[in-house]
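Enquirer: Okay, here's the structure, questions in a sec.
The values are calculated or read from the model by the stated rules, or taken from the named source; none is laboratory data. Because the structure is a prediction, the values reported are computed rather than measured. Cβ placement follows ideal geometry from the backbone for every residue including glycine, while neighbour counts extend to all protein chains displayed. Just so you know, the surface numbers come from the protein's heavy atoms only, side chains and all, with ligands and any DNA or RNA stripped out. Shrake-Rupley method; radii C 1.70, N 1.55, O 1.52, S 1.80 Å.
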Amino acid sequence: GGGWAARKGVFGAAGAQTVLCAGWVPTTGALITGTSRGMLLEWQGGAVVRSVHLQSQWPIFAIAVSSEGIAVGGRGGRLLLWPADASPADARAARPVDLGQLATSMTDEYGRLRCLLSGDSPCVRALAFARGTLLVATRAGELWQLGGHGQPSCRVLVQGHAVSRPRHEPAAVGEGLRSETWALATHPYLPSTFVTAGDDCTVRVWDADKRAMVCMRRLRSPATSSDFSPDSALLAVGCADGTTLLLEPESLTELPQRPWAPQAGAVCAVRFSPDSAQLAVGYADGLVEVHPAFVDSHALTAARGAGPTRLLGAHASAVCALDWSQDSGVLQSCCEGMVIAWWDMEAGGERVLDAEQVRDVEWSTWSSPIGWPVVGILAQLSDGTDINTTSRSTSGHLLVSGDDFGKVNLFAYPSSLAGSACRVGVAHAGFVSHAAWLCDDTRVITTGGADNTVMQWRVGRGGSGRSSRALYDNERG
């Protein structure tokens, strides 16, 4: 029979403010709160008894209180630490910790930062004491662990793509941020290595076995697509500003020479030919370009005498998929309007108008949501536009797709019968933006567009005998 009785707090001389966080001080029984104006308020009996304005910390997003001490953090990029028996309203008793300085000290073997810094200091969103250490969650989606006395040591526990607004764009009141992850590529030889990139202007290399990020690099523009060359010498990253970056996969060093100029519109798809001699680039305006590229001692040079860059225009909407034939002679392109086209690269990029001419072509990859081998992946009444990604396994026996409903669907390949059965997995909070197989076909990597998550799915052989609708969906839609 108990209940809660609410009453309004009295701000007094501090003035009414928006309270963002709070914590109880065990030694005094007082309540301390952080506000949007960067003020710490100490409450007793429902009224503010002491206050302090932390000019460099507004707004204050996080407060952590325990027997180990009191920690306060916010947008200013600094932590303020008090002893457990001190009052947070006494700013002189606080010990500041510069998170920006700690972040710049965390680098990999190539000297690249291991934390996401866009020019501003890390913004603290949550704090918690745990076994003599302090856990710090930042706005960039990172979880840090701070420990030690004097100059704290710092370790990054969790990393990932995050919501990020360019510095030149002002924050409008009530305006939602859109930051998605679309680029994904798996290494052609290393079965645990893959790369992701997204709207936070970072490209990240991951180790699937360790479930951890290996290294990252800041980009000048949001990334929309990526692909490894089959000989693993190059990593191509397409960007929203129409540029295509060529990186050395291990160090993520940008190669200085790019034999093409940026086009109008974002790059939506990139694909190396199986012989690593050509790179196809698809744009948001429907244009497809094929660039000659030759790798010599891990340096990219334009092919002398190879002729001009081939410009191929046939799509009225954004190009969403590119695939090469095994002999690098035919290029297949697909757009968001569900139009598929073929190009004879040996004939100078001439378009193939008769589908029968490519009926027996062996494709090195398959990423198109339409075509004879993937007729069965479409749900009832689906026109294919709800499918964001498809990827055929290296062995050519399985196909995975991701859709707007957050489902990851596993099919046999080819799936040429309408309504083919599939195994369905659901984990992403929103639509699945990309899916790709690791080179040994043991796992599938997927990225969530809106939730910015990277997930790996282990592909096992059936043996449990279960065939429930939770695993196999024969009436999708």
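Enquirer: Does the range 291-336 hold any residues that are of a type in the set (A, V, I, L, M), assigned to a loop (DSSP other than H, G, I, E, B) and at pLDDT below 50, and which are they?
Expert: 302, 303
Enquirer: Take the range 46-70 and flag every residue that is touching a residue at least 24 places away in the same chain (Cβ under 8 Å), assigned to a loop (DSSP other than H, G, I, E, B) and within 30 Å of the chain's Cα centre (by Cα).
Expert: Selection gives 59 alone.
Enquirer: Being assigned to a loop (DSSP other than H, G, I, E, B) and closer than 28 Å to residue 131 by Cα is true for just one of 3, 29, 73. Which residue is that?
Expert: After applying the criteria, what remains is 29.
Enquirer: May I pose another question? State whether the residues of the range 210-226 include one that is farther than 30 Å from residue 158 by Cβ and in contact (Cβ under 8 Å) with a residue 60 or more places away in the chain.
Expert: no
Enquirer: So, in the range 420-444, of the ones that are of a type in the set (A, V, I, L, M, F, W, C) and outside any loop (DSSP other than H, G, I, E, B), which residue ends up nearest to residue 387 (Cα to Cα)?
Expert: Within the range 420-444, the match that is nearest to residue 387 (Cα to Cα) is 432.
Enquirer: Pull up the range 188-213, narrow it to residues that are more than 14 Å from the chain's Cα centre (by Cα) and not charged (D, E, K, R), then point me to the one that is farthest from residue 451 (Cα to Cα).
Expert: Filtering first and then ranking leaves 189.
Enquirer: Identify the single condition in (1) modelled with pLDDT under 85; (2) open to solvent by 30 Å² or more (accessible area, probe 1.4 Å) that residue 143 does not satisfy, given that it satisfies every other one.
Expert: (1)
Enquirer: What number of residues within the range 181-194 are in contact with a His (Cβ under 8 Å, 6 or more places away or on another chain) and closer than 18 Å to residue 224 by Cα?
Expert: 5
Enquirer: Could you tell me whether residue 86 is over 24 Å from residue 123 (Cβ atoms), free of Cβ contacts under 8 Å to residues at least 60 places away in the same chain, part of a loop (DSSP other than H, G, I, E, B) and open to solvent by 60 Å² or more (accessible area, probe 1.4 Å)?
Expert: Taking the combined requirement at face value, the residue does not satisfy it.
Enquirer: Just one of (1) of a type outside the set (Val, Ile, Thr); (2) at pLDDT below 90; (3) at negative phi trips up residue 22, so point out which.
Expert: (2)
Enquirer: Which condition number in (1) surrounded by fewer than 17 Cβ atoms within 10 Å (Cβ to Cβ); (2) touching a residue at least 24 places away in the same chain (Cβ under 8 Å) is the one that residue 11 fails?
Expert: Here residue 11 clears every test but (1).
Enquirer: Answer with yes or no whether residue 170 is at pLDDT below 75 and closer than 30 Å to residue 68 by Cα.
Expert: In short, no.
Enquirer: May I pose another question? Any residue that is under 28 Å from residue 210 (Cα atoms) and at pLDDT 90 or above - is there at least one of those in the range 358-376?
Expert: For the range 358-376, residues under 28 Å from residue 210 (Cα atoms) and at pLDDT 90 or above: present.
Enquirer: For residue 262, indicate whether it is closer than 20 Å to residue 221 by Cα, modelled with pLDDT of 90 or more, in a loop (DSSP other than H, G, I, E, B) and within 25 Å of the chain's Cα centre (by Cα).
Expert: When the stated conditions are applied, residue 262 does not pass them.
Enquirer: Do any residues in the range 359-373 that are more than 24 Å from residue 386 (Cα to Cα) have Cβ atoms under 7 Å from those of residues that are open to solvent by 20 Å² or more (accessible area, probe 1.4 Å), where the two are at least six apart or on different chains, and which pairs are they?
Expert: Correct list of pairs: 361/330; 362/326; 364/274; 364/326.
Enquirer: Same structure again: Can you spot a residue in the range 17-30 that is open to solvent by less than 60 Å² (accessible area, probe 1.4 Å) and of a type in the set (Ser, Thr, Tyr)?
Expert: No, that holds for no residue.
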